[in-house]
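The values are calculated or read from the model by the stated rules, or taken from the named source; none is laboratory data. None of the values given here were measured: they were computed from a predicted structure. Cβ placement follows ideal geometry from the backbone for every residue including glycine, while neighbour counts extend to all protein chains displayed. All accessible areas refer to the heavy atoms of the entire protein, side chains included, with ligands and DNA or RNA removed. Shrake-Rupley method; radii C 1.70, N 1.55, O 1.52, S 1.80 Å.
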Amino acid sequence: MSVRAFPGFLCTLSRRQTPVRRANININRFRTRRSLWVDSRTRLTTFWAPTGGISAKTGEDDGVNSLLIRAGFLRQAHSGIFHLLPLGLRVQEKLEKLVDKHMRSIGASKVSLSSITSEDIWRRSGRYSEDSELLRLKDRKESGFLLSPTHEEEITTLAAGIVKSYKDLPLRVYQISRKYRDERRPRQGLLRAKEFLMKDLYTFDYSTEMALETYESVRKAYAAFFDELKIPYLVADADSGAMGGDLSHEYHYVSPLGEDHVISCNNCDYVANEELAEKGGHYSSDPRLHTTTWRGISKDGCPINVYIPASPSATGEHLSARWPDHLNLHAVSAAYPDLDTTIEEPLTGSFANTGKVVHIIDQRLSFLADLLPRSSSTVIVTTHPKTGKPLDLTRIQPNDPCPRCFSGALKVQRAIEVGHTFHLGTRYSEPLEATVTVPSEGSSSLVALQMGCHGIGMSRLMAAVASKKATESGLGWPRAIAPFECVIIAAKGADRDAETLYDELSGDIDTILDDRPIKDVNFVWKMSDADLIGYPVSIKLGREWKQGKKVEIECKAAGVRLNVEFSGVKQAVLELLAGL
């Protein structure tokens, strides 16, 4: 081979030392800026935690989202889509370990289902809709793929192909995976996003009795999971909605950021979400009441008139500004399931002439049923189609009577839904033909699987916990999911002592060492940064250490600040963490 084919070859040989010397110079310059030496200790010089000076892109006043961004837990990539940074990922991983622990307690196996599903099985289950929040994928073959917002169809299809005998049951499988929805208006960061992390547990049994036993075991596991976070929560009776089934419960954190309303009694254990909650007492028809008419439309385009008593504070017949506080659209939808629920504000103007008109009347205005004009196409609804009870179409207000104990008063609270359990029955197994052979009186028969679906919003839970535990100075994570249980902050000259203390703690306490050079980040800034991130315990080797070899330990959640000898630090920290 001729060297002429590589004209730079001889030149490289003749100057082979030069690039090496230049490389050494560059590396040494870099080392003066930031050490490349890494040991086994977790240090903030080698752990990426970009804090401070960053605000959310949305422009909304979403305090907890901005706080998570400023504290270095996440960044917004696009509208409703977020990247988790190392601190956020540590919180997520600890949540996942906690979920794994409690799913193992009920014998659940972990799986990972594809994020891609197909329109076909969603059509077979009856849940496909062009106007839904499904995110659609288009490939070169126009195959009709979707990004899954949930996996009931896929897991049922999988079980149908594998489980053939009752001896294969019960089956409990779960996953922690990314989900997707075409959210019309993403808001409040992780609380309402297009991409989110969910834990889904799917259970299969061959009888209703077994399925209900499974449901109760899942509820106990959920209670144990939420108890470990040590944040008060509500468990509310819930409506199954589009998921199907006739038994479900929601898990909520009370919060002004919540989009749900949870109704509870101050005298008994009655708790229900707004879709299912009822008032106590009986309301009789009263012609003296002023009437307000809300106009909506059905899914097939016919006009709907809803009649409710006017609010006592209202003037005139129309209450457009008061609809969110007065009309219960959930109750209207339950009374007439064909209501188009995408329309929340009262309609004005004329309707297309379909011939059909629907009148839905609150029980206090039932006298209107005899006064309204009728024709062969007029529909008048005065009772619930399933229960036959007279309709109460107004929202529950604080101090309304409890429907269970009657003597208690109801409380209405905004809340964030962080978990949900559903007993689905055969809602998916029948259309997707998931059946098993079961012995029956000397023979055998095919029965549809009894199914349950139980979710926890993992990314939403992170934001909800952050909002519940935030303080004026920053975040405040519970020990179970804190990115680190404690941080060690050393003043100038105490670096070696801080490392010795780290080694003493690290075997039993999840610790990080803030070893950023004082010339770059001063001691006071480090303390403010620790408050912003929200470590449960902060350990400082500052003035007290220099003067009397005392270590300062602070736990803001417990309202405790201690000065202890070096030998007592570990025990003091463990005692503080035990209460968090």
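Each peptide in 179-191, 435-447 was scored by the mean count of other Cβ atoms within 10 Å over its residues; highest first, the order is 179-191, 435-447. Per-residue packing, averaged as other Cβ atoms within 10 Å, sorts the ranges 149-157, 559-567 into the order 149-157, 559-567, beginning with the highest. Surface composition of segment 149-280: carbon and sulfur atoms hold 50% of the protein heavy-atom accessible area at a 1.4 Å probe. Enter the Cα centre distance for the pair segment 532-580 and segment 118-192, rounded to the nearest angstrom. Cα centroid of segment 532-580 versus Cα centroid of segment 118-192: 48 Å apart.
Sorted on the mean count of surrounding Cβ atoms within 10 Å across their residues, most packed first, peptides 409-415, 485-491, 38-44 read 485-491, 409-415, 38-44. Spin-label pair His384-Arg404: with each label point 7 Å from Cα along the Cα-Cβ axis, the two points sit 1.5 nm from one another.
With the Kirkwood sum run over all distinct C-alpha pairs, segment 475-579 has a hydrodynamic radius of 13.5 Å.
As an exercise, take the mean of 1/r over every pair of distinct alpha carbons in the chain, invert it, and state the Kirkwood radius in angstroms. About 28.3 Å, per the Kirkwood formula over Cα pairs.
Please enumerate, by chain and number, the aspartates and glutamates with C-alpha under 14 Å from the C-alpha of Lys110, excluding those fewer than 8 residues away in the same chain. The reachable aspartates and glutamates, counting only those whose Cα sits under 14 Å from Lys110, are Glu96, Asp100, Asp200.
In this structure the amide hydrogen of Leu146, modeled in the peptide plane, comes within under 5 Å of the amide hydrogens of Thr117, Ser118, Glu119, Leu137, none closer than 5 places in sequence on its chain.
Calculated FRET efficiency, Thr471 and Lys220, Cβ-Cβ r, R0 51 Å, to nearest 0.05?
For Thr471 and Lys220, the calculated efficiency is 0.95.
The distance from the alpha carbon centre of segment 388-408 to that of segment 203-282 is 19 Å, rounded to a whole number.
A 22 angstrom limit on the alpha carbon distance is what I want to check against. Which of Lys230/Lys526; Lys546/Lys570; Lys167/Lys220; Lys164/Lys220 exceed it?
Details: Lys230/Lys526 28 Å; Lys546/Lys570 20 Å; Lys167/Lys220 25 Å; Lys164/Lys220 29 Å.
Table pairs above 22 Å Cα-Cα are Lys230/Lys526; Lys167/Lys220; Lys164/Lys220.
Note that the chain presents 51 Å² accessible area per residue, ligands and nucleic acids not counted, probe 1.4 Å. Expressed as a whole percent, the accessible surface of segment 475-579 that belongs to carbon and sulfur atoms is 46, based on a 1.4 Å probe.
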